[in-house]
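Report on the following structure.
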Amino acid sequence: MSPTGDETRPTTSTTTEPTGGSGGKAEQPPEFVAEEAAVNGAAEKPVGELFLEVTEQATVLIREEVELAKAEISDKLNRLLAGSVVGVVAGIFLLAALILVMHGIAILLGDNAFDGRIWLGYFTEAVAFLLIAAGAGFYAYKSIRKGTPPVPEMAIEQAKEIRASLDSSEQPK
């Protein structure tokens, strides 16, 4: 008891700041202060506002993934188109070559190589042109096969990576 009759209580100082002005804490580098301010600022936001921010960021991420998928499919379709056009052009040139050269070579072969039997000249050149057509058709097939099916592989892979990183960040440590 004190001389006035009150119980003795320890006195508490109203100022906890030392004269250095550091707020009662040791001096921290600026990057830690900024990080702490960001954490304290996030803690001051209501849950609804935080949820809204996460939803907006997820929406932006999904839109970017859709744009990536569109770009990838467009690229693959362009490759398919290019391969198809080359195949058609190869066929047209093959047909023109067959029409223009077939008669001349057949007659030349028939007269000179087959003793006037022109029909053997036609068969010989038909085999040669079929081999050329097979080569052009194989090239067209390879070009078309490269682009099919038009699946956005990069976008799918990136989405899987994002999902894996989200799953790993949600698991308790």
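The values are calculated or read from the model by the stated rules, or taken from the named source; none is laboratory data. Bear in mind the structure is a predicted one, so any value in this text is a computation, not a measurement. Virtual Cβ from ideal backbone geometry, glycine too; neighbours counted across all protein chains shown. In case anyone asks, the SASA skips ligands and DNA or RNA and just uses the protein heavy atoms, side chains included. Shrake-Rupley method; radii C 1.70, N 1.55, O 1.52, S 1.80 Å.
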### Qualifying residue in the stretch 58-77 (condition: closer than 30 Å to Ala134 by Cβ and either of a type outside the set (A, V, I, L, M) or at pLDDT below 90 (or both))
yes
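Is it the case that some residue within the stretch 121-132 is in a helix (DSSP H, G or I), out of contact with any Phe, Trp or Tyr (no Cβ under 9 Å at 6 or more places or on another chain) and closer than 30 Å to Leu68 by Cα? Before you say what the answer is, go through the steps one by one.
Quick first cut of the stretch 121-132, residues in a helix (DSSP H, G or I) only: 121-132.
Restricting the remaining residues to those that are out of contact with any Phe, Trp or Tyr (no Cβ under 9 Å at 6 or more places or on another chain) gives 122-123, 125-132.
In the following step, the residues that additionally are closer than 30 Å to Leu68 by Cα were identified as none.
No, because not a single residue in the stretch 121-132 is in a helix (DSSP H, G or I), out of contact with any Phe, Trp or Tyr (no Cβ under 9 Å at 6 or more places or on another chain) and closer than 30 Å to Leu68 by Cα.
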### Message
I'd like to verify a number: residues in the stretch 92-103 that are exposed (fewer than 15 other Cβ atoms within 10 Å of the Cβ) and at pLDDT 85 or above, how many?
### Response
4
### Query
Looking at Leu108, Leu94, which is the one that is more than 26 Å from Lys146 (Cβ to Cβ) and not charged (D, E, K, R)?
Leu108
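Could you list, in sequence order, the residues of the stretch 133-168 that are of a type in the set (Ser, Thr, Tyr), assigned to a helix (DSSP H, G or I) and within 23 Å of the chain's Cα centre (by Cα)?
Ser143, Ser165, Ser168
Pick from the stretch 151-161 the residues that are open to solvent by 50 Å² or more (accessible area, probe 1.4 Å) and under 14 Å from Asp75 (Cβ atoms): which of them is modelled with the lowest pLDDT?
Looking only at the stretch 151-161, we keep the residues that are open to solvent by 50 Å² or more (accessible area, probe 1.4 Å), and these are 151, 153-154, 156-158, 160-161.
If we keep only those that are under 14 Å from Asp75 (Cβ atoms) as well, we get 151, 153-154.
Details: Val151: 74, Glu153: 78, Met154: 81.
That would be Val151.
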### Residue ID - nearest to Leu94 (Cα to Cα), chosen from residues in the stretch 108-126 that are open to solvent by 90 Å² or more (accessible area, probe 1.4 Å) and of a type outside the set (S, T, N, Q)
Phe123
### Task
Determine if the stretch 69-79 includes at least one residue that is in a helix (DSSP H, G or I), in contact with a Lys or Arg (Cβ under 7 Å, 6 or more places away or on another chain) and free of Cβ contacts under 8 Å to residues at least 40 places away in the same chain.
no
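With respect to Val89, is the statement that it is within 30 Å of Val127 (Cβ to Cβ), of a type in the set (A, V, I, L, M, F, W, C) and open to solvent by 50 Å² or more (accessible area, probe 1.4 Å) true?
Details: within 30 Å of Val127 (Cβ to Cβ): yes; of a type in the set (A, V, I, L, M, F, W, C): yes; open to solvent by 50 Å² or more (accessible area, probe 1.4 Å): yes.
Yes, satisfied.
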### Query
Between residues in the stretch 143-166 that are farther than 14 Å from Glu65 by Cβ and residues that are of a type in the set (D, E, K, R) and open to solvent by 60 Å² or more (accessible area, probe 1.4 Å), which pairs lie under 6 Å by C-beta distance while being six or more apart or on different chains?
Gly147/Arg79
